[in-house]
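Encoded as structure tokens, the structure appears first; notes follow it.
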Amino acid sequence: MTNILRVGDLVKHFTIGGGVLDRVFGKPAKVIRAVDGVSFDISAGETLGLVGESGCGKSTVGRSILRLHEPTAGSIMLDGREVSKASQHALRPLRQHLQVVFQDPFASLNPRRTVGQSVAEPIANFGLAKDAELRAEVESLFVRVGLRGDQIDRYPHEFSGGQRQRIGIARALGTKPKLIILDEPVSALDVSVQAQVINLLVDLQQEFGLAYLFIAHDLAVVQHISARVAVMYLGRIVEIADKKSLFEKPHHPYTKALLSAVPSIDPDAASKRIVLSGDIPSPANPPSGCRFRTRCPIAQAICAEQEPPLQSQAAGHDAACHFAGPGPLLAS
């Protein structure tokens with residue numbers, strides 16, 4: 001299958017402090033290593049789920065691919081064309097094929113414009129339609145995402161959260177993209193509405209051959225929609241595999257802990273849950289060696305000395321752990 005997106009050693013660091021007052025008082029600037037060497041690819045028509053705890057850097061990965069954050073280093077290739085180093089002029093035609101649906105559907109819509117105007121704007125900007133043809137296209141998109149065409153003259157506050165997210169999806173579809181980055185697209189919605197939106201995304205993917213980068217923390221949702229899953233911890237991918245392999249035979253202790261926390265109707269599930277000790281370290285001062293070692297029940301001396309590479313554990317299944325394996329995680 002053709003790779004639509006290829007990300008290689010993506011790095012995004014933020015510098016905080018270091019202003020005039022900090023220099024006067026001798027306070028050095030801090031570097032936040034939000035994303036610190038992330039690599040993956042997405043094929044045409046494929047969904048890659050990107051999961052991890054809050055603060056692991058997964059949303060920063062999405063925003064860096066979109067160039068909403070300028071990458072510090074690394075390569076981003078969209079359909080064979082370089083995104084990370086493209087000038088703003090060269091980036092413009094690429095944006096047509098790279099769209100996003102944000103977490104908060106209300107904040108992503110201009111309250112002073114009708115929803116039809118918001119959906120029409122990117123279509124008009126890329127010269128894909130105008131005048132009566134543009135209005136007809138917007139009405140068609142509304143119908144395709146489960147709304148009525150005559151609703152395009154309303155304002156965002158007149159819609160529910162689920163309807164607003166459908167509008168966000170319609171806007172992303174308008175430019176006929178090849179890849180859509182879905183940044184926590186259902187986490188702000190009720191559970192029943194989540195299922196409707198996820199099913200809509202699946203239908204649209206099959207109809208238009210879309211590729212998705214699905215960023216989320218809800219593993220149940222990720223399992224439903226994704227073909228492959230990448231697990232992030234403190235700015236790095238610690239495990240990546242196809243959905244079936246990762247959920248049935250996780251190799252990294254962090255992935256095992258995440259999966260053990262997924263709610264289950266099994267009455268014995270609570271006794272099987274893996275509770276990690278300690279807090280997530282600061283990305284401004286990550287631990288030496290393996291970044292997960294300070295919370296890992298099986299960490300040993302080598303974990304503090306050497307950072308484990310992301311390497312193959314089975315066919316199509318990579319993990320970054322000195323003691324990776326599909327067996328149960330045993331507390332030390």
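The values are calculated or read from the model by the stated rules, or taken from the named source; none is laboratory data. Treat the numbers as computed from the prediction; the structure is a model and nothing was measured. We place every Cβ from the backbone using ideal geometry, glycine too, and count neighbours over all the protein chains shown.
Out of contact with any helix residue (DSSP H, G or I) (no Cβ under 6 Å at 6 or more places or on another chain), of a type in the set (Lys, Arg), over 30 Å from residue 204 (Cα atoms) and assigned to a strand (DSSP E or B), is that true of residue 33? Judged against the criteria, residue 33 is a match. For region 283-314, give me each residue that is in contact (Cβ under 8 Å) with a residue 60 or more places away in the chain and in contact with a Leu (Cβ under 9 Å, 6 or more places away or on another chain). Within region 283-314, 283, 286 meet the criteria. Please work out if residue 84 is surrounded by 18 or more Cβ atoms within 10 Å (Cβ to Cβ), under 30 Å from residue 278 (Cα atoms), of a type in the set (Ser, Thr, Tyr) and in contact with a Pro (Cβ under 6 Å, 6 or more places away or on another chain). Taking the combined requirement at face value, the residue does not satisfy it. Among the residues of region 151-177, the ones that are within 24 Å of residue 79 (Cα to Cα) and either among the hydrophobic types (A, V, I, L, M, F, W, C) or crowded, with 22+ Cβ neighbours inside 10 Å (or both) come to 7 in all. Scanning region 133-148 for residues that are of a type in the set (Lys, Arg) and not in a loop (DSSP other than H, G, I, E, B) turns up 135, 144.
If we scan region 202-215, do we find a residue that is assigned to a helix (DSSP H, G or I) and within 29 Å of residue 299 (Cβ to Cβ)? No.
Within region 92-132, the residues that satisfy the criterion of being of a type outside the set (Asp, Glu), farther than 21 Å from residue 149 by Cα and either in contact with a helix residue (DSSP H, G or I) (Cβ under 7 Å, 6 or more places away or on another chain) or not in a helix (DSSP H, G or I) (or both) are 96, 97, 98, 99, 100, 102, 103, 107, 126, 127. Scoring residue 177 on the criteria (1) out of contact with any His (no Cβ under 6 Å at 6 or more places or on another chain); (2) closer than 21 Å to residue 46 by Cβ; (3) in a loop (DSSP other than H, G, I, E, B) leaves a single failure, condition (1).
Residues in region 43-91 that are assigned to a loop (DSSP other than H, G, I, E, B), of a type in the set (Lys, Arg) and out of contact with any Leu (no Cβ under 9 Å at 6 or more places or on another chain): 1 in all. Kindly establish whether residue 188 is at pLDDT below 95 and not in a helix (DSSP H, G or I). Considered against the rule, which asks whether it is at pLDDT below 95 and not in a helix (DSSP H, G or I), residue 188 comes out as yes.
Evaluated against (1) loosely packed, with under 15 Cβ neighbours inside 10 Å; (2) within 20 Å of the chain's Cα centre (by Cα); (3) of a type in the set (Gly, Ala, Ser); (4) closer than 24 Å to residue 303 by Cβ, residue 241 falls short on exactly one condition, (1).
To keep it simple, each residue is scored yes or no on (1) surrounded by fewer than 13 Cβ atoms within 10 Å (Cβ to Cβ); (2) among the polar types (S, T, N, Q).
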site: 29; (1), (2): yes, no
site: 32; (1), (2): no, no
site: 46; (1), (2): no, no
site: 60; (1), (2): no, yes
site: 68; (1), (2): yes, no
site: 76; (1), (2): no, no
site: 96; (1), (2): no, yes
site: 99; (1), (2): no, yes
site: 109; (1), (2): no, no
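State yes or no: is residue 183 touching a strand residue (DSSP E or B) at 6+ places or on another chain (Cβ under 7 Å) and either modelled with pLDDT under 95 or not β-branched (Val, Ile, Thr) (or both)? The answer is yes for residue 183.
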